2 protein chains.
Amino acid sequence: MATTTAAQRRQEARQEYDAFMAACPSRQLLDRLSDKWVGLVLSALADGERRYSEVSRRIAGVSQKMLTQTLRNLERDGILIRSITPSVPVRVGYQLTPLGESLLPVVQAVKDWAEAHMDEVDAARDHYDEVNRRASSHG
Amino acid sequence: MATTTAAQRRQEARQEYDAFMAACPSRQLLDRLSDKWVGLVLSALADGERRYSEVSRRIAGVSQKMLTQTLRNLERDGILIRSITPSVPVRVGYQLTPLGESLLPVVQAVKDWAEAHMDEVDAARDHYDEVNRRASSHG
DNA sequence: CCGTATCCAAAAGGATACTG
DNA sequence: CAGTATCCTTTTGGATACGG
């Protein structure tokens, strides 16, 4: 039947693409690494095991929900280990696995690049905004 | 006046924190780098200047809106240059700046880590899901 | 060819209340 | 202490139509 519309065909093509992209190894992990709090959690655990409340205080601005979610995702990915001491009150510690530690220098490299080039980026933004502001009001 | 509620005070504290966080150099750039399409755009331009349509075809799944938005942000940050040839039809090319090229190895490092450790992460996920599935149905 | 503008759906993320 | 569950706002991103 020729009842497939152009929109339907485009939709199908997009789904095939999505399946391809979902199968792409680096994309899956890049998505996880860009999870907003992952970098900070990794940094918080760089020096060894920390309790939930310690991580929470170190990162400060993170909500309970997002911190737990991030920690669970990283645990699931084998980046960190969650260990529960069944005392009262219960004590929960998080520490990086060897896999997590291997990721640390990569995250650090991104952070280092950011800190090293922040001035350049700021200058570029100011310049861009200036030029753009003039262009908007030039008549 | 003592009409400030606990919620209000918490809100103010949060805003102070946000201002502090917003001022943190690495966070601003980490946010930009995690913009979903940034990595792919950078890779697409790794070999030199490309036209808009070339980049679009290389990345495939990206919508016109997101591609343009990503390119504009990166241009604003001084990561790439946009050059317009006023022919008919107009021809627009994008190429990395030296700053953008300095970022390339960092992005590549993340991608390399992802590809190198994808198997471990997959195995960890399977294990986690397996254990979790059992825990859910153990009684 | 290379966009911009608008509308709308989905996902991310915070606030709050409650639990073992 | 260390969460879970729910509600609600904000953000993100795709579809579509239109402009230079």
Considering only Cα-Cα distances, which of the following residue pairs are longer than 23 Å: A:Lys111/B:Lys65; B:Lys36/B:Lys111; A:Lys65/B:Lys111?
A:Lys111/B:Lys65; A:Lys65/B:Lys111
Once phi for every residue in segment A:117-132 is put through the Karplus expression 6.51 cos²θ - 1.76 cosθ + 1.60 (θ = phi - 60°), the whole-Hz ³J(HN,Hα) values, with Gly and Pro written as x, are 10, 4, 4, 4, 5, 4, 4, 4, 5, 4, 4, 4, 5, 4, 4, 5
At the level of C-alpha centres, the distance separating segment B:107-122 and segment B:56-87, in angstrom, is 26
7 Å along Cα→Cβ for the label point: how many nanometres lie between A:Arg51 and each equivalent label in the other copies, listed shortest first?
6.3
May I ask for the percentage of alpha-carbon pairs in segment B:24-71 that lie more than 13 Å from each other?
56
Report, as an integer, the average count of C-beta atoms from other chains found within 10 Å of each Cβ along A:117-130.
4
Along Cα-to-Cβ, 7 Å out, sits the label point; list in nm, shortest first, how far the one on B:Pro86 is from those in the other copies.
7.7
In nm, what is the difference between 0.36 nm times the number of residues separating B:Arg134 and B:Ala60 and their Cα-Cα distance?
22.7 nm
Can you list the copy-to-copy distances for A:Thr68, using a point 7 angstrom from Cα toward Cβ, in nanometres, shortest first?
4.2
Which far-off residues, 5 or more places away or on another chain, put their amide H under 5 Å from the one on B:Thr97, with H placed in the peptide plane?
B:Leu80, B:Ile81
Would you report the distance distribution of C-alpha pairs in segment B:46-124 as whole percents per 5 angstrom bin, up to the bin with the largest distance?
3, 13, 18, 21, 19, 11, 8, 5, 2, 1, 0
Take the rotation relating chain A to chain B, measure from its axis to every Cβ in chain A, and name the nearest residue with the distance in whole Å.
A:Ser34, 2
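Quick note: the coordinates plus some simple rules give every number you see, no bench work behind them. From a predicted model like this one, the values you see are computed outputs, not experimental measurements. For neighbour counting, all protein chains shown are included, and Cβ atoms are generated from backbone atoms with ideal geometry for every residue, glycine included.
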